[in-house]
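First the structure, in the form of structure tokens, and then the observations on it.
The values are calculated or read from the model by the stated rules, or taken from the named source; none is laboratory data. Remember, predicted model here, so these are calculated numbers, not experimental data. Here Cβ is always computed from backbone atoms with ideal geometry, including for glycine, and neighbour counts include all displayed protein chains.
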Amino acid sequence: MRTREEAMNAVKTLLEYIEGDSSREGLVNTPKRVIDSFEEIYAGYSMDSEEVLSSTFNGEGYDGIVLLRDIEFHSTCEHHLQPFKGRAHVAYIPTERIVGISKLARIVELHARRLQNQERITKGVADDLETELNPLGAAVIIEAAHGCMQCRGVSKQNAVMTTSAMRGVFFDKTEARTELMQLIRSTPLSN
């Protein structure tokens, strides 16, 4: 593991590569600011899914779909170090235990706040729901716009990538998938 000082020196080297001079007033403290921001942006490495999803409650016999939709997230593409952002829809059908809704958003954050690809986030969230909650079904659908598509390469500004992971009854039963998709498409609440 590299030290914070080594990381700041690496940022300074990149600044010198880009601009030629890292001693300009606006850049002098940039290495520290970048490393400070990295600690927040990549906080997912210090989070544990078992800990995030460990606090459960008695489901009191509830056996319908639990869906938290439109969970906004930001991540960083591991291939080009470009940002990508979007929204996740996370659902499960409980057996005996339910989890607080903030935990569903936190598990998305755990996976998004790492160097990532969208497919891995989708699979990781579904895997964690299955492992930690043992539901009848788990489903994760993620829609995201990728900086590496927008500002370089093919430069497609409006392209949105969608990935999904369907487990248990969401994979096996068409009716469960159909109900889930109807819930995701339903009219948003007005604030």
Handout entry: Criterion violated by ILE35 - all others in (1) at pLDDT 95 or above; (2) surrounded by 11 or more Cβ atoms within 10 Å (Cβ to Cβ); (3) assigned by TED's automatic domain parsing to the domain that holds PHE171; (4) not in a strand (DSSP E or B) satisfied
Key = (3)
Problem - Hits in the range 24-39 - residues which are small (Gly, Ala, Ser) and under 14 Å from MET8 (Cβ atoms) - result: SER37
Exercise for the section: Could you look through the range 154-173, keep only residues that are exposed (fewer than 10 other Cβ atoms within 10 Å of the Cβ) and more than 19 Å from ASN117 (Cβ to Cβ), and pick out the one that is modelled with the lowest pLDDT? Expected result: GLN157
Exercise for the section: Take the range 20-32 and flag every residue that is more than 20 Å from THR76 (Cβ to Cβ) and either in the same structural domain as LEU115 (by TED's automatic domain parsing) or touching a Leu at 6+ places or on another chain (Cβ under 7 Å) (or both). Expected result: SER22, LEU27
Problem - Scope the range 68-107; condition modelled with pLDDT of 95 or more, over 16 Å from TYR42 (Cα atoms) and of a type in the set (Lys, Arg); matching residues - result: ARG69, ARG87, LYS103
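The rows are residues; the columns are (1) closer than 19 Å to CYS148 by Cβ; (2) hydrophobic (A, V, I, L, M, F, W, C).
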site: MET1; (1), (2): no, yes
site: THR13; (1), (2): no, no
site: ASN29; (1), (2): no, no
site: GLU40; (1), (2): no, no
site: PHE73; (1), (2): yes, yes
site: HIS89; (1), (2): no, no
site: LYS103; (1), (2): no, no
site: HIS111; (1), (2): yes, no
site: GLN118; (1), (2): yes, no
Exercise for the section: Give the range 13-32 a look and list any residue that's assigned to a loop (DSSP other than H, G, I, E, B), aliphatic (A, V, I, L, M) and surrounded by 15 or more Cβ atoms within 10 Å (Cβ to Cβ), or say none. Expected result: LEU27
Completion exercise
Heads up, the helices (runs of 4 or more DSSP H) in the range 95-191 (entirely inside) with at least 3 residues that are under 11 Å from the mean Cα position of the chain (by Cα) and touching a residue at least 12 places away in the same chain (Cβ under 8 Å) are 101-112, 118-133
Completion exercise
Scanning the range 77-94 for residues that are in contact with a Lys or Arg (Cβ under 8 Å, 6 or more places away or on another chain) and either free of Cβ contacts under 8 Å to residues at least 40 places away in the same chain or polar (S, T, N, Q) (or both) gives GLN82
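It is to be established whether one or more residues within the range 91-107 are among the hydroxyl-bearing types (Ser, Thr, Tyr), crowded, with 19+ Cβ neighbours inside 10 Å and touching a Gly at 6+ places or on another chain (Cβ under 7 Å). Quick ask: steps written out before the conclusion?
At the first step, the residues of the range 91-107 found to be among the hydroxyl-bearing types (Ser, Thr, Tyr) are 92, 95, 102.
Filter again for crowded, with 19+ Cβ neighbours inside 10 Å, leaving 92.
In the following step, the residues that additionally are touching a Gly at 6+ places or on another chain (Cβ under 7 Å) were identified as 92.
Taking every residue of the range 91-107 in turn, at least one turns out to be among the hydroxyl-bearing types (Ser, Thr, Tyr), crowded, with 19+ Cβ neighbours inside 10 Å and touching a Gly at 6+ places or on another chain (Cβ under 7 Å).
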Exercise for the section: Note down all Cβ pairs under 6 Å where the first residue falls in the range 14-35 and is on the phi > 0 side of the Ramachandran plot and of a type in the set (A, V, I, L, M, F, W, C), the second is surrounded by 13 or more Cβ atoms within 10 Å (Cβ to Cβ) and at pLDDT 95 or above, and they're at least six residues apart or on different chains. Expected result: none
